[in-house]
Amino acid sequence: MQITGGFLKSRKIDSPKTNNVRPTLSQIRESIFSTLFSMTDFEELSFLDLFAGSGIMGFEAISRGFSKADFIEKDKKTFYLIKSNSEKLGLKNNQVDFYLGDSLKVLKKLQKTYDIIYVDPPYMGGLYDDVLDTIFSNKLLNTNGIIILEHPKSLDIKTENYNLIKQKVYADKVLTFLCLR
């Protein structure tokens with residue numbers, strides 16, 4: 001898998017050798033960052049890659065100009081693979097932070113805020129509503145921040161604390177962009 005844009009463009013990262021990781025396709029990554037770029041300047045922004053999997057979204061964010069990317073991953077082997085990929089890419093400690101553990105539990109303990117939060121949990125895990133509630137109640141999203149949900153088209157997500165900015169449909173998958181009300 002390779003990074004699609006920015007100063008790390010075309011650099012490859014190792015992908016987890018497991019069936020429970022679905023890396024975001026390059027076409028969708030490009031679309032996400034193109035959409036974000038039309039909304040905001042990436043410089044000095046922070047990015048949270050929840051349910052990080054391969055970490056590709058956080059690496060794309062850093063490559064494209066975000067100053068900081070944090071990764072939360074539950075699977076130990078995948079977590080260490082993300083850290084290894086970060087080292088191979090030459091990222092500095094002040095650019096990235098890594099959290100090993102259940103995303104909801106880690107979110108509840110975080111004492112940070114983010115400009116962009118990317119949420120792509122296991123599709124049928126029933127986690128979307130809990131994640132959105134936790135982000136809202138723990139005030140993890142900056143005032144002008146954006147949450148991006150990657151989810152199946154058939155899934156109904158409760159977004160009562162958020163305004164819908166935009167939705168993009170890709171076959172059976174949807175990208176939903178939200179901001180605080």
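Where a number appears in this text, it was derived from the coordinates with a stated rule and is not lab data. Here the structure is a predicted model, which means the values were calculated and not measured. Cβ: placed from backbone, ideal geometry, glycine included. Neighbour counts: every protein chain shown.
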Those aspartates and glutamates that a straight Cα-Cα span of less than 15 Å connects to K166, excepting residues fewer than 8 apart in one chain: E150
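Under Stokes-Einstein, with the Kirkwood radius over Cα pairs standing in for Rh, what whole-number D in µm²/s applies to region 12-83 at 25 °C and 0.890 mPa s?
Numbers: Rh = 12.7 Å.
D, rounded to a whole number, is 194 µm²/s.
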Virtual spin-label span in nm between D14 and S26, 7 Å along Cα→Cβ: 2.1
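In the chain, what percentage of the DSSP-assigned beta bridges are antiparallel, given to the nearest 5?
On the way: 16 of 34 bridges.
For the chain, the DSSP antiparallel bridge percentage is about 45.
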Approximate shape of region 33-180 as ellipsoid semi-axes (Cα gyration tensor, √5λ), whole Å, largest first: 22, 18, 15
For the chain, with +1 on Lys and Arg beta carbons and -1 on Asp and Glu, the positive-most of T143, F37, V106 along the dipole: V106
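Report the full-extension gain for the segment R181 to M124: residue separation times 0.36 nm, less the Cα-Cα distance, to one decimal in nm. Before the final figure, lay out each step's value.
On the way: separation 57, 0.36 × 57 = 20.52 nm, distance 2.67 nm.
Length difference between fully extended and current span is 17.9 nm.
Please compute the length gained on full extension between D97 and Q2, using 0.36 nm multiplied by the number of residues separating them and subtracting their Cα-Cα distance.
My answer for the length gained is 32.1 nm.
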Length-normalised contact order of the chain in % [C-alpha pairs under 8 Å, at least 6 apart]: 17
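Could you give the length gained by full extension between E160 and Y80, i.e. 0.36 nm per residue of separation minus their alpha carbon distance, to one decimal place? Numbers along the way, then the final one.
On the way: separation 80, 0.36 × 80 = 28.80 nm, distance 3.57 nm.
Using 0.36 nm per residue and subtracting the Cα-Cα distance, I get 25.2 nm.
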Given K88/K153; K76/K168; K83/K139; K83/K109; K83/K158, the pairs whose alpha carbons are separated by over 30 Å: K88/K153; K76/K168; K83/K158
Cα→Cβ-extended label distance, 7 Å offset, between K108 and M39, nm: 2.8
Aspartates and glutamates whose Cα lies under 20 Å from that of K77, excluding same-chain neighbours fewer than 8 positions away: D14, D49, E87, D97, D102, D120
The chain - mean residue ellipticity at 222 nm from DSSP helices (-39,500 (n - 2.57) per run, n ≥ 4, rounded to 500): -8500 deg cm²/dmol
Charge dipole (debye, nearest 20) of the chain; +1 at Cβ of Lys and Arg, -1 at Cβ of Asp and Glu: 380
